[in-house]
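What follows is one structure encoded as structure tokens, with my remarks underneath.
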Amino acid sequence: MIENAKNGLENQENTTKNTDQDHNNVEKVEINAENGSVETEQNKTIEKVEIKSTEDKKINTDEVFISEIDADEDDEDVDNDNVPAENDFSNLNNEEIIEKLKQLIYESNIEETRKDIDLLKRLFYRNLRRQQDALRQEIMEATGNELEVSLPKDPNEDYLKELWAEYGKKRAELAKQQEAERLENLKKKEEIIEKIKVLANGEESMNKTFNEFKELQQEWLKIGPVPAEVSNELWNNYQLQIERFYDLVKLNKEARDFDFKRNLEQKIELCEKAEELLLSTDVVASYRKLQDYHELWKELGPVPSDKRVELWDRFSDISKKIRKNYQDHFEKLKEEREANYKQKLILCEKVESILVENTATNGKEWAELSDKVLELQKIWKTIGMVPTAVNNEVFERFRAGCNKFFEAKNEFFSEINAELKDNLQKKTDICLSAESLQDSTDWKKTTRMFLDLQKQWKEIGPVPRKNSEQIWKRFRAACDHFFNAKSEFFKNIETEHKENLAKKEALIEEIKNYKPLDDQSENVNKIKEFQNTWTEIGFVEISQRDRLYDEYRGAINELYKKLKLNKSALEISNFINKVESIKGSGALNELAREKNRILQKIKELNAEILQIENNMGFFASGTESLVKDFNKKIEKAQEEIKTLKEKKKAIDLAERELKNKDGNDA
């Protein structure tokens, strides 16, 4: 665009020079009496040239400004309204864009389709960015985690880069070809200049010479551009030879007037076309088209002297208005971009203040702050371009503010995720424990254990959202399995209690009716059998338990009286026999282990008594049967401690005898 602006400026300067030269051409043909008038008009033309040159310099500056803006244009700012209907690519997906690019690059004239190719590239990256944003949002919703994610690379992007490299090669080849064409055009125009030079010096008839001259002029117009560095020099030489032709051939007035009239018609038509540009809303396109009209004006010959200044003033006034619109357009753009810059500065301040003014301590608060940042980013995208000088600065500031927020958020969730994973492991361990207990039929003990697991579960914090429902269902299934089985079991417990009641009452009657044998050892074994049978029979209803146990203990005690046996004495007697057997084998270590077991048991019984006494304190105002049950347990434990102490005495005695024996042997 900058190069075009420079060429436009050179064209403007050439136009003014050519206008001056057109006047000179006519001046040489006019009679001497008109010299004063023509000189005055020429001076006016020179003044216009100076004014125009100053304006063109200003326009050139704006061209540079616009070029920088275009170079920095964001891909999202693709204006589909300015694309002709036949070239509306806005609905193409990236695969279709690749195919269209391939077609344009390999099958079209890339000079004519350059704008379409550039537009397709911008649309490709706009689509790619939208796809990536949608994929990132989908991943965040699926995982429940707002951490930054790494997205897969689009293979179409590599293909686009390959096509773009090929496009660059073709542009380079085209530039090389155009340069060659310009050199060839230079050669042809130099030949035309030489031919006009020959005509000016020839002696052919006027009509034939004039026709050849006009043919050379038409041929000159058909030839394309020449290298810029020789353009002005070539044009000056061409105008010089035209002037010499008019001077030396001394074209008659009728032919000259006919030529001037035709030039007048063509330049009037150019003025009308230029006036139509004032009605266009696309001031940039109008300005560029005006450059083409100036180029064509320069190529046309002189007009009648009485119309020359008037016609030039008309064309010049139109040009000034178009240039003024062009300048106003970019002045407005500058103002808009300054306003956009101020708006974006406000957004920078807002995104920077989010972390300063807010302290998020949980996921919900971070989500609310994230919504604010995302909303600011949406607003940012709706604001247009800013001045090129501050574009990178303000963008980097806004991006840094967003990055700082999301880095802090990611750091928070990294710590949270570690805690969530630890909680998940703890709950998984609880599930394993629950699953190992779910088939237990020790209802009382297992129920306590399940209640303890449920308490632990509540104390553990949350787990990752994607695992929350799954781990809860697993734990709930194990709990339901056990408690449903327990519930099913206790549905039939009444029948079982009745059966056990009948069995225990029958056993009590059997004990009461037992007739002792002469062999005391057989009687002892029978008592043990009664005890084992009682233990093997299950539970009875609570209301019958105390009565039944009292009858059972009474029957056993009566049996002991019949046999004249003391239960503790019987147990101690059996233990002494066992100790005598160990002593006989000399296993002192075995005696020590047995002694330790007795001491440990005594310790446990004392602790049990203490626990029962504490419980009785809590249930002092409870039911009489419960207190009675506690007293029986204490009496039983104390009786057992007494028996254990007697056993310990037996072991102490055996140990002393073994040690004395070992000392005598030594």
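Figures for the structure shown
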read-out: Which of Ser521, Asn557, Gly538, positive extreme of dipole for region 480-562 (C-beta unit charges); value: Asn557
read-out: Theoretical FRET efficiency, 1/(1+(r/R0)^6), r = Cβ-Cβ of Ser440 and Val356, R0 60 Å, to 0.05; value: 0.55
read-out: Spin-label model distance (nm) - Ala134 vs Val627, 7 Å beyond Cα toward Cβ; value: 8.0
read-out: Net length gained if the chain between Leu151 and Asn525 were fully extended (0.36 nm per residue, minus Cα distance); value: 126.5 nm
read-out: Chain lengthening between Thr533 and Lys561 when straightened (0.36 nm per residue, less Cα-Cα); value: 8.0 nm
read-out: Kirkwood hydrodynamic radius over Cα pairs of region 459-509, then Stokes diffusion coefficient at 25 °C and 0.890 mPa s, in µm²/s; value: 170
read-out: Estimated FRET transfer efficiency (Asn185, Ala339; beta-carbon r; R0 56 Å; 0.05); value: 0.75
read-out: Between region 496-536 and region 636-654, the alpha-carbon center distance in angstrom; value: 27
read-out: Theoretical gain in end-to-end length, Asp317 to Leu374 [0.36 nm per residue, Cα-Cα removed]; value: 15.4 nm
read-out: Region 418-491: equivalent-ellipsoid semi-axes (sqrt of 5 x gyration tensor eigenvalues, Cα, Å); value: 25, 12, 9
read-out: Per-peptide average of other Cβ atoms within 10 Å, ordering 349-355, 629-635 highest first; value: 349-355, 629-635
read-out: Exceeding the 24 Å Cα-Cα cut-off - candidates Lys426/Lys603; Lys595/Lys636; Lys562/Lys601; Lys188/Lys307; value: Lys426/Lys603; Lys562/Lys601; Lys188/Lys307
read-out: Glu365-Phe395 FRET efficiency (beta carbon distance; Förster radius 25 Å; 0.05 resolution); value: 0.35
read-out: Whole-Å semi-axes of the ellipsoid equivalent to region 492-565 (Cα gyration tensor, √5λ, descending); value: 26, 12, 9
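The numbers here are math on the coordinates, done by the rules we state, and not lab data. Because the structure is a prediction, the values reported are computed rather than measured. Cβ sites come from the backbone with ideal geometry, for glycine too, and all protein chains shown count toward neighbours.
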